[in-house]
Amino acid sequence: MKRLAPSIALATALAASPALAAPVLEPTTQHFLDGLAAAHVPAIPSLSPHDARALLDSAQGSVKVSAPFARITDRVLPIGPTGSTRVRVYRPANVTNHGPAIVYYHGAGWVMGGPASHDRLARDLAAGSGAVVIFVDYERSPETRYPTAIEQDYAVLTYVAQPHLFRARTRASEQALSMPTCNR
């Protein structure tokens, strides 16, 4: 107990410290949050999944930004626990078919987000890294139960790790499904 006394005293002092009582945000973030509060934008955790998705999509769509060029292909891979997993492939302008790859899993608690909400980020990642970005468009919760999304993510990772399989099967899938490559 004697050894714990200094630790307990320090923890108590830190917990009572005014600097730790209220978080301090950098000014741009604080201004953004103040604007949301002034506009009476509800907190995302207070919304239904459908309404939270709509809020995220409208917020993303409300700001027009330029994004780096990428050749974009939407694909459905014959893998994962549901038998198919959607991906969007971002290929920077200067990358051939045989380049490094990043398999990207977006955030938003397995509930929100997708290719539209993360398009700019995926393009920036592809342009900045010079790598092909494979964006996993996993199934969302709560409509799809745990661990489906995580298993889809892992299935894409293992699939892409076998480049000969990824190239051959996706080429055949594109031809069979007539999935065009979009240059945007």
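Loop-located trypsin sites (Lys or Arg not before Pro) in region 53-104 (DSSP state other than H, G, I, E, B) with a sparse environment of at most 11 neighbouring Cβ atoms within 10 Å: 64. Say the dipole of region 46-148 comes from +1 at the beta carbon of Lys and Arg and -1 at that of Asp and Glu; which of 56, 111, 95 then lies farthest toward its positive end? Positive-end residue among those listed: 95. Once both labels are positioned 7 Å from their Cα atoms along Cα-to-Cβ, the gap between residue 33 and residue 98 label points is 5.0 nm.
Where q = 0.12, 0.16, 0.19, 0.27 Å⁻¹, what log10 of I(q)/I(0) comes from the Debye formula for region 84-160, counting one point per Cα? Per q value, in the given order, log10 I(q)/I(0) is -0.33, -0.56, -0.76, -1.27.
No lab work stands behind these numbers, since they all come straight from the coordinates. The model shown is predicted, which means the values in this text are computed figures rather than measured ones. All Cβ positions, glycine included, derive from the backbone under ideal geometry; neighbour counts span all protein chains shown.
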